[in-house]
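A.B. asks: Supplied in structure tokens, the structure appears directly below.
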Amino acid sequence: MAYPVQAGPVAAPLGPTGDPTAVFGRRVVASLVDGVIVMGPAVAMATAEFEYLPVDSLGMDPQVFCDRFIEEQDGFCANTADIDDRVYFSDGSFVSSGLVFWGLGLVLLVILQGVTGWTVGKLVTGIRTVKEDGSPPGLVKSFVRWLLWVVDGQPCGLPLVGLLTGLTTTGHRRVGDMAAKTFVVRSSAAGAPIVVPGLTSPPTAPATAYAGSAWGPAGAASPAPSATGPQWDPQRGTYIQWDPAQSRWLEWDETTRTWTLIPGQ
């Protein structure tokens with residue numbers, strides 16, 4: 001089977017058209033789902049640590065009781081006399097609930113997302129967090145994204161910084177994404193180099209003209225293939241081709257006589 005001689009770079013076919021990062025609405029929904037998973041158990045444990053007394057047993061105005069408790073114990077006190085005739089109070093340590101909050105956040109947003117690219121919220125909404133090459137971000141980049149919620153979550157835990165940067169920047173990246181060099185994309189775009197109009201360029205592979213007849217094994221004098229077929233890569237010393245089904249570059253393994261994924265994609 002012969003291929004025509006062709007010189008110059010050949011662009012790999014793009015995946016689905018459009019901007020793969022244009023999923024900000026789904027990101028908001030995913031964040032809400034993940035927030036419930038992380039904060040729900042912690043809030044439940046924190047409220048379980050509160051003690052309460054009926055207002056009638058205080059022997060004083062409930063607000064006066066709360067003011068004294070806060071001043072003397074440096075804790076929390078809530079006057080709910082108008083709701084259930086009780087006063088709720090706690091020393092304010094909340095150690096167990098704090099451990100649950102930070103532990104779940106670490107597992108879900110750093111470890112799980114770093115290894116797979118998804119959280120529960122992202123899995124439900126069909127989006128993924130990826131590096132520039134389309135692979136999962138890894139633990140270090142996921143930790144940077146998580147840590148930068150200190151900035152994206154401003155002011156005072158209301159994530160206006162993250163919302164504004166995610167809506168207005170090219171690639172829809174919040175501060176954590178820009179620092180970690182990650183993207184959040186639709187799941188169908190994950191696994192291939194991320195192409196964002198105005199920010200990145202389509203992946204390309206070199207094609208070199210060779211004189212010869214039919215396409216042969218690595219190192220043989222063979223013509224460079226067409227854009228839709230194998231093409232010679234002198235750096236690897238073998239043929240490569242783009243597989244649209246996997247959105248990956250493949251290389252020819254002469255030993256096994258099979259096409260295999262090029263490492264490091």
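A.B. asks: Would you mention how many residues in the range 70-92 are under 18 Å from ALA46 (Cα atoms) and either surrounded by 14 or more Cβ atoms within 10 Å (Cβ to Cβ) or not acidic (Asp, Glu) (or both)? Walk me through how you get there before you give the answer.
C.D. replies: Step one: of the range 70-92, the residues under 18 Å from ALA46 (Cα atoms) are 70, 73-80, 86-92.
Still in the list and also either surrounded by 14 or more Cβ atoms within 10 Å (Cβ to Cβ) or not acidic (Asp, Glu) (or both): 70, 73, 75-80, 86-90, 92.
Number satisfying all stated conditions: 14.
A.B. asks: Could you count how many residues in the range 105-130 are of a type in the set (A, V, I, L, M), more than 13 Å from VAL33 (Cα to Cα) and either at pLDDT below 95 or in a helix (DSSP H, G or I) (or both)?
C.D. replies: 6
A.B. asks: State all residues of the range 219-235 that are modelled with pLDDT of 65 or more and loosely packed, with under 14 Cβ neighbours inside 10 Å; if no residue qualifies, say none. Quick ask: steps written out before the conclusion?
C.D. replies: Start the filter on the range 219-235 by keeping residues that are modelled with pLDDT of 65 or more, which leaves 230-235.
If the condition is that a residue be modelled with pLDDT of 65 or more and loosely packed, with under 14 Cβ neighbours inside 10 Å, then PRO234, GLN235 are the ones that fit.
A.B. asks: Moving on to the next point. If CYS66 meets every condition in (1) part of a helix (DSSP H, G or I); (2) touching a helix residue (DSSP H, G or I) at 6+ places or on another chain (Cβ under 8 Å); (3) modelled with pLDDT of 85 or more apart from one, which number is that one?
C.D. replies: (2)
A.B. asks: Could I ask something else about it? Residues that are assigned by TED's automatic domain parsing to the domain that holds TRP149, surrounded by 15 or more Cβ atoms within 10 Å (Cβ to Cβ) and among the β-branched types (Val, Ile, Thr): does the range 44-66 have at least one?
C.D. replies: The answer is no, given that none of the residues of the range 44-66 is assigned by TED's automatic domain parsing to the domain that holds TRP149, surrounded by 15 or more Cβ atoms within 10 Å (Cβ to Cβ) and among the β-branched types (Val, Ile, Thr).
A.B. asks: Does any residue in the range 107-130 that is under 16 Å from SER188 (Cα atoms) come within less than 7 Å, Cβ to Cβ, of a residue that is basic (Lys, Arg) and surrounded by fewer than 22 Cβ atoms within 10 Å (Cβ to Cβ) six or more places away or on a different chain, and which pairs are these?
C.D. replies: THR125/ARG26; GLY126/ARG26; GLY126/ARG186; ILE127/ARG26; ILE127/ARG27; ILE127/ARG186
The values are calculated or read from the model by the stated rules, or taken from the named source; none is laboratory data. Being a predicted model, the structure only gives us computed values, none of them experimental. Virtual Cβ from ideal backbone geometry, glycine too; neighbours counted across all protein chains shown.
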